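Read through the structure below, which is laid out as structure tokens, and then see the notes.
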């Protein structure tokens, strides 16, 4: 006699826990307006401006991800605009001296690469070498610390 009543109570408790978990998860992920946004996205009669407004009101981790995505988008767009502007300014010079401009772009890139490299290897070919092969073991010793970390740790201790 008690088993069906207990099963019914357990079932109701599980349903309540599931609803609570769903609500908590929605609130954590998107804030208190998550249910309204979900309803608006499901309803085909809701206009685009209302949905946009609800997206702006989001909270929680969804808002953080949206903000990070918007910042990334702005950064990419600004970088693309800066690159386009740089290339536009470079175009007249390129039309006059293409090899020189390409060499300058190459040298600027190499300067940036070498500035950020921890280790550099310079290999010069011999004038009389005929297809010689040079092998360099570049597997870095894992026990070596990067130069940047060494200088910051020694400077802090003094």
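Any read-out appearing in this document is the output of simple, stated calculations on the displayed coordinates, not a laboratory observation. Everything numeric here is computed off the predicted structure, so don't read it as measured data. Every residue, glycine as well, gets a Cβ built from its backbone with ideal geometry; the counts of neighbours run over all protein chains shown.
At a glance:
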read-out: Computed E for residue 42/residue 79 - FRET, C-beta separation, R0 30 angstrom, nearest 0.05; value: 0.20
read-out: Label point distance in nm, residue 24-residue 86, each placed 7 Å from Cα along Cα→Cβ; value: 5.0 nm
read-out: Theoretical FRET efficiency, 1/(1+(r/R0)^6), r = Cβ-Cβ of residue 99 and residue 130, R0 35 Å, to 0.05; value: 0.80
read-out: 5 Å-binned pair-distance histogram of segment 6-58 (Cα, whole percent); value: 4, 20, 20, 15, 12, 10, 9, 5, 3, 1
read-out: Likely footprinting exposure, 110, 66, fewest C-beta neighbours within 10 Å first; value: 110, 66
